[in-house]
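Before any comments, here is the structure.
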Amino acid sequence: MAEIVQQRIENRIPELEQLERVGLFSKKEVKSMLKRVTALEYKLHRLIITKVDFIAYIQYEINVLELIKKRRSRIGYQFKREEIEFSIISRINSIFRRATTKWKDDVQLWLSHIAFCKKWNTKVQLGKVFSSMLAIHPEKPALWIMAAKSELEDRNSSESARHLFLRALRFHPESKKVYQEYFRMELLHAEKLRKQQKELAQAEIDMGEYEFSPEIMSGKLAEVVYRDATGKIQGADFILSLLTIAAIFDFTKELQDTIIQDLQSKYTDDSLTWDFMAKRELGATVGEELQSAKGRASDIARREERCCQVYEEGLNSLNTEAMWACYVSFCLERFKRKTNVQQLKEKRQERLLAVLQRAHDSSLLKEDFYKNWLQVLLSSGDSEQTAAVAMAATQRYRQSVDVWYLALQTMVHLGSGATGKLFQDALTHVNPKLSLPLWQLQVEWSMTSQSPEETEALFQRGLLSVVPAVSMEIKEKYLDWSYRAGGYKKARKTFTSLHESRPFSKAFFTRMIQIEKDQVTPKMSNLRDFYERALREFGSTDDDLWLEYIREELGPSGHPENCGKIHWRAMKLLEGESVERFTAQYTLLQTGHI
């Protein structure tokens, strides 16, 4: 092992001598580098080697390269690159090869090597790395795409990129992503040829017998890819993804027309086709551009009406949930668009409400759409219809907490007299384990809309809940409401009546502590009692609670001599990481840093 290491170190001597001779590194720095790389080389030749050792060596060499680059820029010396940088880059590539040979399955290691080759512009080595990686990981489409893009962008080789995509399709004949990127590559290649032809024509350069193929420049190769892809992969979503790619290029009108014809002839049973065809009407050319706001609004209204006609045609042949979802989403998106023309705004609202009503009548309206429907109705000010929709939503989705919450929120906003009964109905239909949001909303409503007696009765019912999350939340709300409604005495009475009724949350105790502190003359004996009760519940895990107790004793009303006992009890009860955090914070507290 020592002989191999020594040989590798000796091979570096010319490079180190050049660094010192040209003034990029001092003699002391060269010696330090020699010592460091010797240690790194020995690590790579141990009986048991780790990936970390290789990465550390590579990172060190890359840092040296970066430092050389900065120093060259500073002193303005740009020579002897072959003897210095090229030697280091070659050595880094060699270390990467040794690492990827040993850990073939580590894709991230391969990608790190690729990133290095790209950064330092080693194109020949980059191709070799991709080739080796794909031989080991042919099952990953993303790697084939990355390699093909590298050939196209880094080496400007469309032929090599095409060859890689064809090889990728042998392994992944039904990969949407591979076909999409292959399709994009052929269009990029065509666009590049078109630009070259235009530049040569502008420069009036005679190309002799060489001619640009009009078929290739018009995207015929991309059309071949499209035909092959759609023959193997079905679905309107895939065809639309190819159409989106084609639409980026300004020379693909014929290709886009072909794709649209295929879409209309093969996938009329897919809602995405109708959605696309409808939205195309928004961009349809209708003549001269209108200058006035009313004129533009009128034109937009006509376009939107044509979109709706296409949706209606789609619903006649495809009355499905997905079709309604597309139609409602379109109307909702247009409604949310800002406009200063009131007539257009009212038209959009009227259309949206009509479509939502029809979707509801067809029993194909999802939960999510009720939220948008109710928001639109609330903004329209139609209280009667809003209440009717809210009730209809709860009838259709009786077990959905979200729908009940939305309906109850709406009824509270409207100030309906049936809200109380509706809350009771909601809690009987939903899963009790999921009912916390409904309890929270009911408590907030009761505190603002009902008498104190009715609110207290509600709290008492909530305390009986078998769901711990609900019971704990109700205790916190009950204590807070008692203080606001009846002052300190009522809060203390509520706390006393609840302090043995588990389960508890920490917030229940800390709120009572804060209430005591808010008094004109807080009693330290009461605070100790509250802290002790809290620590009985959370003392084994909550280090912050112990620290707050100690701070209280260090305050003007406390007894600092009690801190030692509290600290001893905390160290005895706390477990795991809580002990370490408590010790660190207690030390900072003693030294006055917190």
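The values are calculated or read from the model by the stated rules, or taken from the named source; none is laboratory data. None of these values were measured; they are calculated from a predicted model. Cβ placement follows ideal geometry from the backbone for every residue including glycine, while neighbour counts extend to all protein chains displayed. For the accessible areas, the whole protein counts, side chains as well, though only heavy atoms, and no ligand, DNA or RNA atoms are used. Shrake-Rupley method; radii C 1.70, N 1.55, O 1.52, S 1.80 Å.
Of note:
- Helices (runs of 4 or more DSSP H) enclosed by segment 229-336 - at least 1 residues per element that are open to solvent by 80 Å² or more (accessible area, probe 1.4 Å) and of a type in the set (D, E, K, R): 253-266, 271-280, 293-317, 321-336
- The listed residues are 310, 341, and the only one of them that is at pLDDT below 85 and touching a helix residue (DSSP H, G or I) at 6+ places or on another chain (Cβ under 8 Å) turns out to be 341.
- Filter result for residue 479 (under 26 Å from residue 439 (Cβ atoms), in a helix (DSSP H, G or I) and either in contact (Cβ under 8 Å) with a residue 40 or more places away in the chain or within 46 Å of the chain's Cα centre (by Cα) (or both)): yes
- Listed by first and then second residue, the pairs linking a residue in segment 104-128 that is in contact (Cβ under 8 Å) with a residue 40 or more places away in the chain and open to solvent by less than 50 Å² (accessible area, probe 1.4 Å) to a residue that is among the small types (Gly, Ala, Ser) and part of a helix (DSSP H, G or I), with Cβ atoms under 8 Å apart and 6 or more places separating them unless they lie on different chains, are 109/99.
So that you can scan it fast, the table gives a plain yes or no per residue for (1) in a helix (DSSP H, G or I); (2) surrounded by 13 or more Cβ atoms within 10 Å (Cβ to Cβ); (3) in contact with a Gly (Cβ under 9 Å, 6 or more places away or on another chain); (4) charged (D, E, K, R):
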| site | (1), (2), (3), (4) |
| --- | --- |
| 17 | yes, no, no, yes |
| 48 | no, no, no, no |
| 62 | yes, yes, no, no |
| 80 | no, yes, no, yes |
| 92 | yes, yes, no, no |
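- Total residues in segment 457-470, condition surrounded by 19 or more Cβ atoms within 10 Å (Cβ to Cβ) and farther than 18 Å from residue 405 by Cα: 1
- Verdict on residue 458 being farther than 29 Å from residue 271 by Cα and not in a loop (DSSP other than H, G, I, E, B): yes
- Residue list for segment 344-368, restricted to those being touching a helix residue (DSSP H, G or I) at 6+ places or on another chain (Cβ under 6 Å) and small (Gly, Ala, Ser): 359
- Among the conditions (1) out of contact with any Gly (no Cβ under 9 Å at 6 or more places or on another chain); (2) modelled with pLDDT of 90 or more; (3) of a type outside the set (Ser, Thr, Tyr); (4) surrounded by 12 or more Cβ atoms within 10 Å (Cβ to Cβ), residue 445 misses just one, which is (1).
- Criterion (assigned to a helix (DSSP H, G or I), at pLDDT below 95 and not aromatic (Phe, Trp, Tyr)) met by exactly one of 200, 143: 200
- Residue in segment 549-563 that is modelled with pLDDT of 85 or more, under 43 Å from the mean Cα position of the chain (by Cα), of a type in the set (Lys, Arg) and closer than 30 Å to residue 480 by Cα present: yes
- Selection status of residue 405, under 21 Å from residue 369 (Cβ atoms), open to solvent by 60 Å² or more (accessible area, probe 1.4 Å), hydroxyl-bearing (Ser, Thr, Tyr) and touching a residue at least 12 places away in the same chain (Cβ under 8 Å): yes
- Which listed residue is crowded, with 16+ Cβ neighbours inside 10 Å and more than 28 Å from the chain's Cα centre (by Cα), from 133, 146: 133
- Residues in segment 471-520 that are of a type in the set (A, V, I, L, M, F, W, C) and open to solvent by less than 40 Å² (accessible area, probe 1.4 Å): 474, 479, 481, 491, 495, 498, 504, 508, 509, 512, 513, 515.
- Residues (within 19 Å of residue 85 (Cβ to Cβ), surrounded by fewer than 14 Cβ atoms within 10 Å (Cβ to Cβ) and under 50 Å from the mean Cα position of the chain (by Cα)) located in segment 19-33: 23, 26
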